[in-house]
Each structure stands twice: as C-alpha cells, then as structure tokens.
Amino acid sequence: MNQGGGFRKGLGIAYRLGTELLVATMLGAAMGYALDRAMGSEPWFLVAGILLGGAAGCLNAFRAFQEIVQEEDQEEEERTKERDD
C-alpha cells in the first residue's frame, strides 16, 4: 500500500472543499459588483453577493463532504465484506 495515500487523499478533499467555497463566494461577489455598477447602489449588492455566495459555498462544501463520507463508508463496507469472506 502507498505510504502517502491518506495524506494525498486528504489534500484532495481539502482542495475540493476549498474550491467549492472560493468559487461560490467569488461568483456571488462578481454578480453583486455587476449589479452595483448597473444600478449605482454601491456597495450593497456586492456585500449581499459576498454573503449569499459564501452561504452557497458552505452549502456546496457540506454536500460535497457528505458525498465523500458516504463513498468512504461504502468502501469500508466492501473491504469488511471481502475480509469476512
């Protein structure tokens, strides 16, 4: 078995969750900035976009984490079944 496999897997998970948060927040900020420029209401839509984007990013990261945990649980069950056979 690969010695650094767990570390690499952990880095992959951290990268995925961080990307989920960053992209959603940046997208919300960009949309808020565009609305502020169009309506001349600076900085209110930018602030709302950052907050809503951050919330959406947290939700996306939570869903991704649940998916990862579910996959790991299924893999563990398969390994347990193979050992028992």
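The values are calculated or read from the model by the stated rules, or taken from the named source; none is laboratory data. Computed from a predicted structure; not experimentally measured. Backbone-built Cβ (ideal geometry, glycine too); neighbour counts: all protein chains shown.
The residues of the range 8-43 that are touching a Leu at 6+ places or on another chain (Cβ under 7 Å) and farther than 12 Å from Gly54 by Cα, listed by number, are Gly32, Tyr33, Asp36. Number of residues in the range 4-32 that are among the charged types (D, E, K, R) and either under 13 Å from the mean Cα position of the chain (by Cα) or at pLDDT 95 or above (or both): the value is 2.
On the basis of being part of a helix (DSSP H, G or I), without any contact (Cβ under 8 Å) to a residue 40 or more places away in the chain, small (Gly, Ala, Ser) and loosely packed, with under 14 Cβ neighbours inside 10 Å, does Gly6 make the cut? Yes: the conditions hold for Gly6.
Please find, within the range 33-46, the residue that is modelled with the lowest pLDDT out of those that are exposed (fewer than 15 other Cβ atoms within 10 Å of the Cβ) and either in a helix (DSSP H, G or I) or among the hydroxyl-bearing types (Ser, Thr, Tyr) (or both).
Filtering first and then ranking leaves Ser41.
Exactly one residue out of Ala61, Ala56 is in a helix (DSSP H, G or I), at pLDDT 95 or above and in contact with a helix residue (DSSP H, G or I) (Cβ under 6 Å, 6 or more places away or on another chain), and it is Ala56.
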